[in-house]
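One structure is given below, encoded as structure tokens.
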Amino acid sequence: MLQVKAGNMDTMGLLFERYHRPLFGFLFHMTSQREASEDMLQTVFYRMLKYRHTFTGDGEFRSWMYHLARNVLVDYSKQNKRSAHQYDLADVAEKIGGGPAADERFQKEQELDTLHKAMAKLSPENREVLVLSRFQELKYEEIARVLNTTEGAIKVRVHRAMNELKKIYLTLENGNATYKL
């Protein structure tokens, strides 16, 4: 990023290649909306170029990048008030087949769907720390820099968010138990 800041725009392509997948994953886990996440991804890289002068090189690039991504998410949330997890019933119906392998695959998909629903029910703050720590695999120190807080506070927030996620997941799973065969 320091090279981009110095005017070497060719290295921006390298940054895109290296970081577009994890950044898309973060955005998608926060919104559950593929098209919106793709749009926000482009916006984040545009802002990297636009605000390259703000990157000092003192901290890690990923922290700065996720800070920009958080700002894009905030802007998106203000423009679009919906954040519910959406899935296509036709897609689920297409995957339902016969046999034990299909049953196992369907069971795993239902568990994933329950997890997505549980994540969607978390507060945005709790969902964010879990996505950054568990899905993006950022260290607590990096997350603390992104969120402008202490590493200790992040540890507490992740622990509390995991406990809340477990409660929500179990509640949803028990609520779905009547629909299992």
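The values are calculated or read from the model by the stated rules, or taken from the named source; none is laboratory data. If you're wondering where the values come from, they're calculated on a predicted model, not measured in any experiment. A quick note on method: Cβ atoms are made from the backbone with ideal geometry, for glycine too, and the neighbour counts reach across all protein chains shown.
Going by the conditions given, is residue 67 at pLDDT 85 or above and outside the structural domain of residue 138 (by TED's automatic domain parsing)? Answer is yes for this residue.
Hey, can you tell me all the residues within the range 132-149 that are more than 16 Å from the chain's Cα centre (by Cα) and closer than 12 Å to residue 65 by Cα? Once the filter is applied, which keeps residues that are more than 16 Å from the chain's Cα centre (by Cα) and closer than 12 Å to residue 65 by Cα, the range 132-149 yields only 145. Taking the listed residues 77, 32, 37, the one that is of a type outside the set (Val, Ile, Thr), in contact with a Pro (Cβ under 8 Å, 6 or more places away or on another chain) and under 19 Å from residue 116 (Cα atoms) is 77, with no other qualifying. Within the range 152-166, restricting attention to residues that are among the charged types (D, E, K, R) and surrounded by 14 or more Cβ atoms within 10 Å (Cβ to Cβ), the residue that is farthest from residue 122 (Cα to Cα) is 155.
The single residue among 12, 48 that is over 12 Å from the mean Cα position of the chain (by Cα), surrounded by 14 or more Cβ atoms within 10 Å (Cβ to Cβ) and modelled with pLDDT of 90 or more turns out to be 48.
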